[in-house]
Amino acid sequence: MKYAFVTGGSRGIGRAVSIAIARTRMPVVINYAGNHSAAQQTLANIEAEGGRAELLQFDVTHAEAVDAAIEQWQADHPDDHIHTLVNNAGIRDDAMMVFMQNQQWNSVIDTSLGGFFNVTRRLLKDMLTKRGGRIINIVSLSGLKGMPGQTNYSAAKAAVIGATKALAQEVAARKVTVNAVAPGFIATDMTQDLDQDTLKKLVPIGRFGQPEEVAALVSFLASDAAAYITGEVISINGGLYT
Ligand code: NDP
């Protein structure tokens, strides 16, 4: 059976993506870092709708932990494979560069860029041998435009955009597509500390986006209908920037 795999699926955009993909009748492996109760809530939401999902906790920044978790999953699922991978796990830790600490730089890069590498290289082989797959990387407006106070986050997301375009060309002949989705301001825990009333005035549509709106786009990119789209970065930002 074909599975989807969503990193950072316990909350926010990853939760909405997990639910949207489960509605397409594809079972979902929900990865998360440490918030068990939030992960359980995503699972419960999916099961309440008659969907299938399972939890797989590991830190995407730890290559050995990623390998161990994926090897175990594959051993437990000899007849199944991951068809759709959504690299969504990400953090922000903002500071003006003059004040930025090593740890702030490294942790943000390690999560978005390192996480993309650690997980994708392990799941790619099955997609190539099965001659089909979808890789969808959640990047950001910050990776396209650059955002002051976010040199770490903007660099991490821009790097994933570069990797998306390179990998798309590597694997296209095997019918594996690789795309990036670049949200603007989306209402999740990650943006809870932002002044939404002020920032929404910058958005032509006049509001923050909802995780479900991003999930609808990701779900489309995961579908058979999106088979001819690859190497693209698709913005979803209420008109803030194109
Ligand atoms: P949230 O903070 O709401 O959720 C983050 C998710 O990532 C959680 O599930 C968390 O797990 C998981 N996670 C964090 N670090 C790790 C790790 N090391 N290993 C495994 N999982 C991890 O974030 P959002 O939903 O807002 O963001 C999701 C993605 O979308 C991120 O890549 C973000 O950069 C991107 N994005 C978000 C925007 C926004 O406005 N919200 C805008 C543009 C891009 P746990 O619950 O266990 O902590």
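Starting from the Cα gyration tensor of segment 178-217, multiply each eigenvalue by 5, take the square root, and state the resulting semi-axes largest first in whole Å. List each step's numbers first, then the result.
Details: eigenvalues 76, 28, 15 Å².
Taking √(5λ) for each eigenvalue gives 19, 12, 9 Å, largest first.
The packing ranking, built from the mean of other Cβ atoms within 10 Å per residue, places the peptides 138-144, 79-85 in the order 138-144, 79-85, highest first.
Dividing the convex hull volume of the alpha carbon atoms of segment 90-170 by its residue count, what do you get in Å³ per residue? Working shown, then result.
Details: hull volume 6.4 nm³, N = 81.
With only Cα atoms used, segment 90-170 gives 79 Å³ per residue.
Once the Cα-Cα distance is subtracted from the 0.36 nm per residue extended length, the GLU54 to GLN40 segment shows a gain of 4.1 nm.
Once every DSSP H run of n ≥ 4 in the chain is given -39500 (n - 2.57) and the sum is divided by its residues, what mean residue ellipticity at 222 nm do you get, rounded to the nearest 500 deg cm²/dmol? Before the final figure, lay out each step's value.
Details: 9 runs with 104 residues, N = 242.
The per-residue figure over the chain is -13000 deg cm²/dmol.
If you fit an axis through the alpha-carbon atoms of helix 12-22 and take the longest principal axis of the Cα set of the chain, what angle between them do you get, 0 to 90°, nearest 10? Helix 12-22 and the main axis of the chain meet at about 30 degrees. Between helix 36-48 and the chain there is an angle of about 60 degrees, using the helix long axis and the longest principal axis of the Cα atoms. Per-residue packing, averaged as other Cβ atoms within 10 Å, sorts the ranges 63-74, 14-25 into the order 14-25, 63-74, beginning with the highest. Annotation: amide H of ARG52 within the under-5 Å range of VAL28, sequence separation 5 or more or interchain, hydrogens built in the peptide plane. Projected onto its three principal axes, the C-alpha set of segment 1-124 covers 50, 27, 20 Å, listed from the longest axis down.
Less than 5 angstrom separates the built amide H of ILE82 from those of TYR3, all sequence-distant by 5 or more or on a different chain. Distance from the alpha carbon centroid of segment 3-25 to that of segment 185-231 works out to 14 angstrom.
Got the relative contact order for the chain handy, in percent, Cα pairs under 8 Å and 6 or more residues apart?
This gives 20 percent for the chain.
Rounded to the nearest 5, the antiparallel percentage of DSSP beta bridges internal to the chain is 0%.
Over the Cα atoms of segment 77-236, what is the Rg over Rh ratio if Rh follows Kirkwood?
Details: Rg = 16.5 Å, Rh = 16.5 Å.
My calculation puts Rg/Rh at 1.00.
Rounded to the nearest 10 degrees, the inclination of helix 115-130 to the longest alpha-carbon principal axis of the chain is 30 degrees. In this structure, the amide hydrogen of VAL178, modeled 1.01 Å from its nitrogen in the peptide plane, lies closer than 5 angstrom to those of ILE135, GLY231, counting only residues at least 5 positions away or on a different chain.
Pairs from the table (LYS130/LYS157; LYS130/LYS165; LYS2/LYS165; LYS157/LYS201; LYS2/LYS200; LYS125/LYS157) lying more than 31 angstrom apart at Cα are LYS2/LYS200.
Protection proxy ranking, highest mean first, for peptides 176-183, 40-47: 176-183, 40-47, where packing is the per-residue count of other beta-carbon atoms within 10 Å, averaged.
Every read-out reported here was derived from the displayed coordinates using simple, explicitly stated rules and does not represent laboratory data. No experiment lies behind these values; they were computed from the predicted model shown. Neighbour counts run over all protein chains shown; Cβ positions are idealised from the backbone, glycine included.
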